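Encoded as structure tokens, the structure appears first; notes follow it.
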Amino acid sequence: MSKRKDKKQPSSTIALNRRARHDYFIEERLEAGLVLEGWEVKSLRAGKGRIAEAYVLIRHGEAFLLGGHIQPLESASTHVVADATRTRKLLLHERELATLIGATEQKGFTIVPLTMYWSRGKAKLEIALAKGKAKHDKREAKKNQDWQRRKAQIMRSEG
């Protein structure tokens, strides 16, 4: 019997927004497609995307990603004027858009991007309806996280 080498699958995650989970209570998650140009797809394949400072805005019944940064590749975008932080349209169903519009206008939610990833060769963005955390909520979450970590360490050392 020979051992078969498992080929590692490349990670489908392009970019994460870690600050979102720290700054917001995540209520509901949705998957949205992104309208991208060719050079942006090549840059994302090379791992040059960031959504840490990005946010989602709804204008005229359509959702847009603002502040997302896709660094242009020098080799791929020589013939195109590349804007790294351009506004990108999000592709959502009408029903999903209606729930987002209702939640942001009436209930005081905001829409934050969580992760950008590949799904069947297409770039997708996981967005979430979220409410902002107060400073004491952030401290409480950090305290609980530290306690869970400490508890796991105690269980490992004793058991």
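List the pairs from K107/K138; K42/K133; K48/K133; K107/K143; K122/K151; K124/K151 whose alpha-carbon separation is above 31 Å, in the order I gave them.
Where the Cα-Cα span goes over 31 Å, the pairs concerned are K42/K133; K122/K151; K124/K151.
For segment 67-159, just say rounded, prolate or oblate: build the C-alpha gyration tensor, square-root its eigenvalues into a ≥ b ≥ c, call rounded for a/c under 1.5, and beyond that prolate if a/b exceeds b/c, oblate if not.
It comes out oblate by the Cα gyration axes.
How much area per residue is accessible in the chain when the probe is 1.4 Å and only protein heavy atoms are counted (Å²)?
For the chain, the per-residue accessible area is 71 Å².
Restrict the search to segment 72-101; then list the trypsin sites (Lys or Arg not before Pro) that DSSP places in a loop and that have at most 16 other Cβ atoms within 10 Å of their Cβ.
R86
When the helix-only estimate is applied to the chain (DSSP H runs of n ≥ 4, each -39,500 (n - 2.57), divided by the residue count), what is the mean residue ellipticity at 222 nm, nearest 500 deg cm²/dmol?
It comes out at -10000 deg cm²/dmol, rounded to the nearest 500.
What is the packing order of peptides 102-110, 28-36, 147-155, taking the mean over residues of other C-beta atoms within 10 Å and listing the highest first?
28-36, 102-110, 147-155
Pick from A130, A141, A63: which residue has the top mean-square fluctuation in a GNM of the chain where Cα pairs under 10 Å get a spring?
Of the options given, A141 has the highest mean-square fluctuation.
Starting from the Cα gyration tensor of the chain, take the square roots of the eigenvalues, sort them a ≥ b ≥ c, and report rounded, prolate or oblate (rounded when a/c is under 1.5, otherwise prolate if a/b is larger than b/c, else oblate).
oblate
The values are calculated or read from the model by the stated rules, or taken from the named source; none is laboratory data. Here the structure is a predicted model, which means the values were calculated and not measured. Note: ideal-geometry Cβ built from the backbone for every residue, glycine included; neighbour counts use all protein chains shown. These accessible areas exclude ligands, DNA and RNA; they are computed on the full protein's heavy atoms, side chains included. Shrake-Rupley method; radii C 1.70, N 1.55, O 1.52, S 1.80 Å.
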